[in-house]
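Please treat every number below as a calculation from the coordinates, not as lab data. Treat the numbers as computed from the prediction; the structure is a model and nothing was measured. Cβ placement follows ideal geometry from the backbone for every residue including glycine, while neighbour counts extend to all protein chains displayed.
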Amino acid sequence: MNRFADEALIEVASGKGGNGSVAFRREKFMPNGGPAGGDGGRGGNVLFTVRNNLRTLSHLRYTQKFKAENGHDGEGSERYGRNGKDIVVPVPPGTVLRDADTKALIHDFGKDQTDFLYLKGGNGGWGNVHFKSSVNQAPQRALPGKPSEVSKLHVELQIMADIGFVGFPNAGKSSLLDRWTNARPKIAPYPFTTKIPNLGVLSIDERDIILADIPGLIEGASGGAGLGIQFLKHISRSAALAFLIDLSDDNYLDAFAILSAELAAFSQTLLEKKRILVGTKLDMEGTAERLAVLQQKHPSEKVVGLSVFSGEGLKELSQEFIELTSVSEIKNEK
């Protein structure tokens, strides 16, 4: 089984240009013909392309060096060398390229998913046919190809989703994702079942809403406790957040405040996103009353309840998700 990988260090290199050729015509009736050395071919480029079927950077862990083909040397009879083949590096949507040493941003595939030409191959050198003159009819000079470019990159994946799930371990995030989508995350009645981010697609009203479930947070996560903090970057691109609160937990009234504090410690912009509070496990005894108390405590927030087991509240929540993402799309277009 491939491990989830959201970071990788790679080295990329464009191709060297081919060398120009020193050659002369030696035809039957032209034994002392003029220069005929062809130019070298251009070296291959380094390009990055987005592949929507990729979900991790694990392929970059196995192959860490990517080298384009060198241009071929020129030949006699003014034959140009063949251009080197480009190297194309596939990455998933949401990938960010940074300089490995300075961490300077090079390209963000969350904002622009078109193919990105990063390094150009070296130009081919001129053959001696370019150096013929009235005073030099037989030039012995040709130019070498331009050298390749080499760069080390830090590649980081920030998952792109419409709605990111936030909650404590065992709050029901993975169960909800499993109920609505075919993501099939691991589910069990104990904390930290989810150890990697999971993506799923909720299809409703001829729309696809991408959902992201990250490992559960615990108090102190922003200081390194638990598993979730290292994956919070994967909901930074989400259009909206869903805070899942376990209504069967006696500390349910403190959950939103604790989760908000941990998110704010990571990035204040996470709390500026559109959001909804979701009380889970509504099928358990006493949770309906607790949902009412939760709604009273947060009158300025949209609070809904659901049970993945019975299906209660799922339709209402799906409509809320449509509204959340629609509002976010309108906001982003302005």
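Here are the numbers for this structure:
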| item | result |
| --- | --- |
| Built amide H within the under 5 Å cut-off of residue 238, gap 5+ | 161 |
| Nonlocal amide H pairs with residue 89, under 5 Å, H built at 1.01 Å | 47, 48, 49 |
| Relative contact order for the range 55-172, counting Cα pairs under 8 Å that sit 6 or more residues apart, in percent | 25 percent |
| Integer Hz, Karplus 6.51/-1.76/1.60 couplings in order for the range 165-178, x for Gly and Pro | 8, 10, x, 6, x, 6, 7, x, 5, 5, 5, 5, 4, 5 |
| Residue-wise HN-Hα coupling along the range 237-248, computed from phi with Karplus coefficients 6.51, -1.76, 1.60 (Hz; x: Gly, Pro) | 8, 5, 6, 8, 10, 10, 8, 8, 10, 6, 6, 7 |
| Leading residue at positive end of dipole, the range 116-174 (Cβ point charges), from 150, 168, 130 | 130 |
| Mean-position separation - Cα centroids, the range 233-254 and the range 93-165, in angstrom | 43 Å |
| Cβ crowding within 10 Å averaged over residues, with 97-107, 131-141 ranked highest first | 97-107, 131-141 |
